[in-house]
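Beneath this line is the structure, given in structure tokens, with notes to follow.
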Amino acid sequence: MFRSLANAWSNMFKPPHTVKYPFVGDVQVPSDYRGLILYDVEHCIFCDRCEKACPPKAIVFYQHDDGHKEYRYNPWLCIYCGECVRACPKADEALTHSSEKPNPASKAENVNDEWFVWQTVARESRERYAEKKKAEKAEKRAARKGEPAGPKGD
């Protein structure tokens, strides 16, 4: 206990080891800094591998009724592990890391609350789309067999 107390006392008179940003100089970004995830919709094949690989679930695809998907990314939830970039078959085209821009600071409280709602909406959109596709498939099958479409057991 005495050594801890002596260490704490001696640290009170040492200069701090922090950067006084933004008041003094720029922050030096390490060469291996991964930064924000950059997404290019033009090269994306919508395979959803990035969403499945993301540990904190910071990437979500919303399934629209017409079949196209919408990409959403939450930089405040992201842990910058790079699993999404590694999982992407079109890496360096569709998903990359940006080392130029750091994560934006957020002063809003509960910044992730809207995100968790969005995750639920996206999951429900996929379930709804899967049900629609299943019903269309059953309809086509029934049309080929000459049976009326509808739920079985009626």
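Are there any pairs with C-beta distances below 6 angstrom linking a residue in the stretch 1-22 that is among the charged types (D, E, K, R) to a residue that is modelled with pLDDT under 80 and not in a helix (DSSP H, G or I), with the two at least 6 apart or on different chains, and if so which?
Going by the 6 Å Cβ cut-off, there are no qualifying pairs.
Tyr33: farther than 29 Å from Lys133 by Cα, in contact (Cβ under 8 Å) with a residue 12 or more places away in the chain and either of a type outside the set (A, V, I, L, M) or outside any loop (DSSP other than H, G, I, E, B) (or both), yes or no?
Working: farther than 29 Å from Lys133 by Cα: yes; in contact (Cβ under 8 Å) with a residue 12 or more places away in the chain: yes; either of a type outside the set (A, V, I, L, M) or outside any loop (DSSP other than H, G, I, E, B) (or both): yes.
So Tyr33 passes the test.
So that you can scan it fast, the table gives a plain yes or no per residue for (1) touching a Cys at 6+ places or on another chain (Cβ under 7 Å); (2) surrounded by 11 or more Cβ atoms within 10 Å (Cβ to Cβ); (3) β-branched (Val, Ile, Thr); (4) at pLDDT below 85:
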residue: Val41; (1), (2), (3), (4): no, no, yes, no
residue: Asp65; (1), (2), (3), (4): no, no, no, no
residue: Cys88; (1), (2), (3), (4): yes, yes, no, no
residue: Glu93; (1), (2), (3), (4): no, yes, no, yes
residue: Pro104; (1), (2), (3), (4): no, no, no, yes
residue: Ala135; (1), (2), (3), (4): no, yes, no, no
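In this structure, does Ile79 turn out to be over 27 Å from Arg128 (Cβ atoms), within 11 Å of the chain's Cα centre (by Cα), among the aliphatic types (A, V, I, L, M) and modelled with pLDDT of 85 or more?
Considered against the rule, which asks whether it is over 27 Å from Arg128 (Cβ atoms), within 11 Å of the chain's Cα centre (by Cα), among the aliphatic types (A, V, I, L, M) and modelled with pLDDT of 85 or more, Ile79 comes out as yes.
Quick check on my filter: what residues within the stretch 1-20 are surrounded by 10 or more Cβ atoms within 10 Å (Cβ to Cβ) and not in a helix (DSSP H, G or I)?
Residue satisfying the conditions is Val19 alone.
The values are calculated or read from the model by the stated rules, or taken from the named source; none is laboratory data. Bear in mind the structure is a predicted one, so any value in this text is a computation, not a measurement. Reconstructed Cβ throughout: ideal geometry from the backbone, glycine too, with neighbour counts over all protein chains shown.
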